[in-house]
Amino acid sequence: MNILVVAAEVAPFAKVGGLADMTGALPRAWWADGHEVAIMLPLYGSIDRELYGIVRTEHVVSVPVGYWTEYAEVWHGKLPGTEVPIYFLRSAEYFDRKGIYGYHEGFEDNDRRYLFFSRAALETAKVLGFQPDVVHAHDYHAAPCMPMLATQYRHDPFFARTAGVFTIHNMAFQGMYDPVRAMEFGGFPPSEFYPSSWFEHHGSFNAMKAGIMFADKVTTVSPTYSQEIRWTSEGMGLQGALQHRASDLLGVLNGIDDTIWNPRVDEHIAVPYDATTLQKKRINKLALLRELNLPCEGASADLPVIGMVTRMTQQKGIPIMTRPVWEVLQQGRARLVILGSGVREYEDYFRRAQDQFPDLVRFVTGYNEPLSHRIQAGSDLYLMPSQFEPCGLTQMYAMAYGTVPIVRAVGGLADTVVHYERTSGTGSGVRFHDYDESAVAAALDYGLGLYNDEPHWSTLRTNAMQQDNSISVAARRYVEVFSWAQERLP
Ligand code: ADP
């Protein structure tokens, strides 16, 4: 199958969150299964062209925008470790700047940037002669590909047999734009924007809604989240659109690229290990403590380490964890190693915790891929008390590294973490349900109680490591969805 992936993030080139991991991992798995894949990504100013061998091609693609034409230079690279081509679309005006989306509010011209990118991706496929069986568009940035394909490009014989599949990674970000600008930049007739039209939501142009309505199939990144967004406020106002597409909406659980997230081959960690050599995980723990300048001699080596690698937003449940974690630290029952950045108030909390408990807490701000691997390898427990979680990858990484996840059972966390039962010795982590502090406190208590309590601790960690969350399962499921999408074509 010829698969055209259109996304605003692809690891390792441009990553903000799990979206990038998935758009990097899926093509690798499809390629291994013999599919033809081409990826389209903006050439952001932050992408290191030299490091990744990204070179300019002879193509400069004309991109109709509104009533005029703009241009995108096409640059070329390969997904590391594969022959999968990735095309970087360069527009100095839109992408030669610092950052991907613009912190925190987003760049003012994100409407124009991503409408341009969506159209440029389709135009580039044609110029390159890459005739897709499916356009796989991710999140609101690439969502405009769906209405463009359905209402404009499918009239072109080149795209006549091309299906559109839209994958939602997070309903919280929808691409709500000024309708006058967005309809024009997208090349959509202004008359198509009216109350309750497929482009409209609460008076704004809504890229996510258009993606949902015009796609042949809509997927989201876990089965539980696919239900939550239809039936609860997790649909973030688009429940109606999702109900409308209910028969074409399904959850495909994300997976792990085990060429990257695998303690047996991970080049970022101190010592490789697997389920049969789990005792070596301790060496990684000590290396992490040393790296972060935390005490690691004598009894302190045995104090459990709770890890977190996260965007610091309300979504990630920071508000309900602050008090119970503080209590655990005060009692000297665990240490906390946290990497991430985001909302100032949350960052301040972790700074205060580090000041208050200098031997127990390390807070590292900014984005640090190698350290994120070492935290997974060096922690004993991994905390993820999310308010909502479309899928979540870091709990899966934790399990692969024999680090016990403590999660709130929502979205993909509910689909991937099975609660450990002492009576049966089954389960891969600790789950709690209520979105409140006492639920976090009880879960921390249960998790810390299991720590080094044999035979439970070994059984639990081995169960976690043996759980198969491989990306190849997800990749094959997507191919099935792509063929269902094609069946919908006239
Ligand atoms: P989300 O996509 O909602 O941010 P996920 O758990 O699906 O959450 O994916 C987050 C990804 O981003 C993981 O690969 C995680 O390791 C990575 N990540 C988050 N924050 C950082 C950071 N500060 N440094 C390095 N990696 C990070």
Q) Taking θ as phi - 60°, what are the ³J(HN,Hα) couplings along segment 297-309 by the Karplus curve (6.51, -1.76, 1.60), each to the nearest whole Hz, with x for Gly and Pro? A) 8, x, 5, 5, 5, 8, 5, x, 10, 9, x, 8, 10
Q: Keeping every protein chain in place, order 245, 311 by accessible area at 1.4 Å, biggest value first, i.e. largest first.
A: 311, 245
**Q.** Within segment 118-161: backbone nitrogen closer than 19 Å to the residue 194 label point (7 Å, Cα to C-beta)
**A.** 151
Q: Please work out the FRET efficiency for the pair residue 483 and residue 83, using the Cβ-Cβ distance as r and a Förster radius of 22 Å; give the result to the nearest 0.05.
A: 0.40
Q: Could you list which residues have their amide H under 5 Å from that of residue 59, counting only those 5 or more apart in sequence or on another chain, with H placed in the peptide plane?
A: 74
Q) Can you give me the Cα centroid spacing of segment 127-197 and segment 298-372 in angstrom? A) 41
Q: Compute the length gained on full extension between residue 302 and residue 76: take 0.36 nm times their separation in residues and subtract their Cα-Cα distance, giving the result in nm to one decimal.
A: 76.5 nm
(Q) Need the list of aspartates and glutamates near residue 15 for cross-linking: C-alpha distance under 13 angstrom, and skip anything on the same chain fewer than eight residues off. (A) 48, 369
Q. So how strong a dipole does the chain carry about its Cα centre when Lys and Arg Cβ are +1 and Asp and Glu Cβ are -1, to the nearest 20 debye?
A. 340
Q: Take every DSSP beta bridge whose two residues both sit in segment 376-478, then give the antiparallel share in percent to the nearest 5.
A: 10
Q | Radius 15 Å from Cβ of residue 271, net charge of other residues (Lys, Arg +1; Asp, Glu -1) | A | +3
Q | FRET efficiency, 1/(1 + (r/R0)^6) with R0 25 Å, evaluated for residue 52 and residue 151 via beta carbons | A | 0.10
Q) Using a 1.4 Å probe on the protein chains only, how many percent of the accessible area of the chain belongs to carbon and sulfur? A) 51
Q: Amide H neighbours of residue 406 under 5 Å, at least 5 residues apart or on other chains, H built in the peptide plane: list them.
A: 382, 383, 384, 430
Q | Projected label distance in nm at residue 126 and residue 161, using a 7 Å step from Cα toward the beta-carbon | A | 1.9
Q: Among DSSP beta bridges lying fully in segment 275-468, give the percent that are antiparallel, nearest 5.
A: 5
Q | Computed magnitude of the charge dipole of segment 275-468 (debye, nearest 20; Cβ of K, R +1, Cβ of D, E -1) | A | 400
(Q) Given a Förster distance of 35 Å, report the FRET efficiency between residue 36 and residue 16 from their Cβ-Cβ distance, rounded to the nearest 0.05. (A) 0.80
Q.
With both bridge residues required to lie in the chain, what share of the DSSP beta bridges run antiparallel, to the nearest 5%?
A. 30
Q.
Quick check: net charge around residue 35, other residues with Cβ under 13 Å of its Cβ, Lys/Arg +1 and Asp/Glu -1?
A. -3
(Q) Using amide H atoms built in the peptide plane, which far-off residues or other-chain residues are under 5 Å from residue 339 H to H? (A) 308, 309, 310, 364
Q: First check a/c for segment 331-370, with a ≥ b ≥ c the square roots of the eigenvalues of its C-alpha gyration tensor; if it is under 1.5, answer rounded, and if not, answer prolate when a/b is larger than b/c or oblate otherwise.
A: oblate
**Q.** Mean residue ellipticity (222 nm) of the chain, computed from DSSP H runs ≥ 4 via -39,500 (n - 2.57), nearest 500
**A.** -11000 deg cm²/dmol
Q: Sort segment 275-468 into rounded, prolate or oblate with this rule: let a ≥ b ≥ c be the square roots of the eigenvalues of the Cα gyration tensor; rounded if a/c is under 1.5, and if a/c is not under 1.5, prolate when a/b is larger than b/c, oblate otherwise.
A: rounded
Q: Go through segment 410-424 residue by residue and turn each phi into a ³J(HN,Hα) via Karplus (6.51, -1.76, 1.60, θ = phi - 60°); whole Hz please, and just put x for glycine and proline.
A: 10, x, x, 5, 5, 7, 10, 10, 9, 5, 7, 10, 4, 5, 9
Q.
Of 439, 372, 464, which is farthest towards the positive pole of the chain's charge dipole, taken about the Cα centre with +1 and -1 on the beta-carbons of Lys, Arg and Asp, Glu respectively?
A. 464
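The values are calculated or read from the model by the stated rules, or taken from the named source; none is laboratory data. Computed from a prediction, not measured in an experiment: that's the story for all the values here. In this analysis, Cβ positions are derived from the backbone assuming ideal geometry, glycine residues included, and neighbour counts consider all displayed protein chains. Accessible surface is based on the protein model in full, side chains and every heavy atom, while ligands, DNA and RNA are left aside. Shrake-Rupley method; radii C 1.70, N 1.55, O 1.52, S 1.80 Å.
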